[in-house]
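Working notes for the structure below.
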Amino acid sequence: MATSTAVSSPFSARLNRIEISATIAMTAEAAKLRAKGIDLSDLGMGEPHFNTPRHIKNAGIAAIENNFTKYTAVGGIPELRKAIVHRHAADFGSDYKPDEACAATGGKQALFNAVQVLVDHGDEVIIPVPYWVSFKDIVEYAGGKCVYVEADEEQDFRLTAGMIERAVTSRTRAIILNTPCNPSGAVINPDDMRDVLLMAHRRGIYIISDECYVQLNFTGNVTSAAAVKEAREHLVIIGSLSKTYAMTGWRSGYALGPVPVIAQINKLQSQSTSNPCSIVQKAAIAALEGPQDCIAEFRDEYIRLRDQVLADLAQIPGVRCARPEGAFYVYPNVSAYFGRSGLNSSSDVANRLLHEAHVVTVPGEGFGTREHIRLSYATSSAGLKEALQRMKNFFASV
Ligand SMILES: Cc1ncc(COP(=O)(O)O)c(C=O)c1O
């Protein structure tokens, strides 16, 4: 009689549907080398190299000194929800009310909650490729089925409304858009955004618009999906202070959407983390209501770094790279090197870059493509130069 060799997992079935994030896995591998004293050029982690501006830090310190350290309302104190909608209105012309906002412990929590609230077992969720690593796992954890739409690399990974519309079926529950995109840096043209939103609204499909990089848009036209007011009944915006104000470690984000959706997000949050950290809430108010000059300063510096990294990548024979219009990543195609010196995948390339060239990157497999690696250029110009020189030497040697 045949015996099963399958080992049953002691953990829940839903946990088996997800994996540790590729970015975090690469960071952990890099940490091991660093612990051995190896000097790494780190283009792996997706976070600003800037420090949190002084007035934001001061607000956090004052919150502690003033003993603002107790539980708060689950979705954030009224002043924070007011600051979120005021900032959004000032920046993008939206007209959300405070009860259409829920503050969260990072944009990631807001996204996780929104997907849990909207997606049921078997629901289809359209995800453009390449995608941010967590979209797939968050949808699958909720029991949803990811339906992938491939962006065209020849068009710098820009999505069109037609590409999305062709993937819609009667089972489509939601579409996740991320513009500017992590990892490609592509920006969805506002006309295409409008067409997708109106199509989705007409068909009762939710759009989850991940706008964590909304301010890092280099096109000169910084827009939010919220501009399409006719579709607001089916629009959930995920916002984050992490990249805009160099606050990744503080964990501050939010969801904006129709009251019934936000109420459910609140309910879920009430049974998991409860309120975002009270001290961070005060810092977030200072960020949203205080001077906004840091945003343009950060953006201008990222544009300079983008141009620098593209120029250096262009000097590596065989490496092709789409031109990003936002965020702080480039997503070069390294497939010309597959078949050489045992390199057969982007994971091979990223691993060898780490162990031999001491450059941290993230392989494209985690973002849904097999031929690319992601480089974060949120680092000093000199650090970026050094990393690219190491990469150039590595590719010349294989
Ligand atoms: C596309 C995208 N969405 C959401 C997040 C989450 O940001 P946070 O949870 O720090 O606000 C990130 C972080 O890297 C991201 O790249």
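The values are calculated or read from the model by the stated rules, or taken from the named source; none is laboratory data. Predicted model, so just to flag it, every value in this text is computed and none were measured. Using ideal geometry, Cβ is built from the backbone for each residue, glycine included, and neighbour counts are taken over all protein chains shown. In case anyone asks, the SASA skips ligands and DNA or RNA and just uses the protein heavy atoms, side chains included. Shrake-Rupley method; radii C 1.70, N 1.55, O 1.52, S 1.80 Å.
Using 0.36 nm per residue of separation minus the Cα-Cα distance, give me the extension gain between residue 345 and residue 19 in nm, one decimal. 115.4 nm is the gain from fully extending residue 345 to residue 19.
Taking 296, 161, 13 in turn, the Gaussian network model of the chain (Cα-Cα springs below 10 Å) assigns the largest fluctuation to 13.
Taking 0.36 nm per residue of separation and subtracting the current Cα-Cα distance, fully stretching the chain between residue 170 and residue 32 would add 44.9 nm. Within the stretch 288-398, the ratio Rg/Rh, alpha carbon atoms throughout and Rh by Kirkwood, equals 1.03. Each label point was placed 7 Å from the Cα along the Cα-to-Cβ direction; for residue 203 and residue 267 their separation is 2.7 nm. Between the stretch 206-244 and the stretch 116-182, what's the alpha-carbon centroid distance in Å? Going from one Cα centre to the other spans 16 Å. Between 294, 327, 279, the Cα set farthest toward the positive side of the dipole of the stretch 228-327 (charges on each charged residue's Cβ, about the Cα centre) is that of 279. Surface analysis of the chain yields an accessible area of 43 Å² per residue, using protein heavy atoms and a 1.4 Å probe.
Histogrammed with a bin width of 5 Å, the alpha carbon distances of the stretch 125-267 distribute as 2, 10, 19, 24, 23, 15, 6, 1, 0 percent, first bin at zero.
Among the listed pairs 57/145; 57/392; 145/243; 108/392; 136/267, those with a Cα-Cα distance over 31 Å are 57/145; 57/392; 108/392. Straight Cα distances below 16 angstrom link residue 70 to the lysines 282, with same-chain residues fewer than 8 positions distant left out. State the percentage of accessible surface on the chain attributable to carbon and sulfur atoms; use a 1.4 Å probe and exclude ligands, DNA and RNA. That fraction is 51 percent. Take the Cβ atoms of residue 68 and residue 95, set R0 to 22 Å, and the FRET efficiency comes out at 0.15. Under the classification rounded if a/c is under 1.5, otherwise prolate if a/b is larger than b/c and oblate if not, where does the chain fall, given a ≥ b ≥ c as square roots of the Cα gyration tensor eigenvalues? Since a/c stays below 1.5, the shape of the chain is classed as rounded. For the peptides 65-71, 22-28, the ranking by mean Cβ contacts within 10 Å, running from highest to lowest, is 22-28, 65-71. Of the DSSP H helices in the chain, those that are both long (alpha-carbon extent of 27 Å or more along the helix axis) and hydrophobic (Kyte-Doolittle mean at least -1.0) are 293-313. Rounded if a/c is under 1.5, else prolate if a/b beats b/c, else oblate: with a ≥ b ≥ c from the C-alpha gyration tensor eigenvalues square-rooted, which is the stretch 319-364? Oblate. Starting from the Cα gyration tensor of the stretch 195-272, take the square roots of the eigenvalues, sort them a ≥ b ≥ c, and report rounded, prolate or oblate (rounded when a/c is under 1.5, otherwise prolate if a/b is larger than b/c, else oblate). Since a/c reaches 1.5 but b/c is at least a/b, the shape of the stretch 195-272 is classed as oblate.
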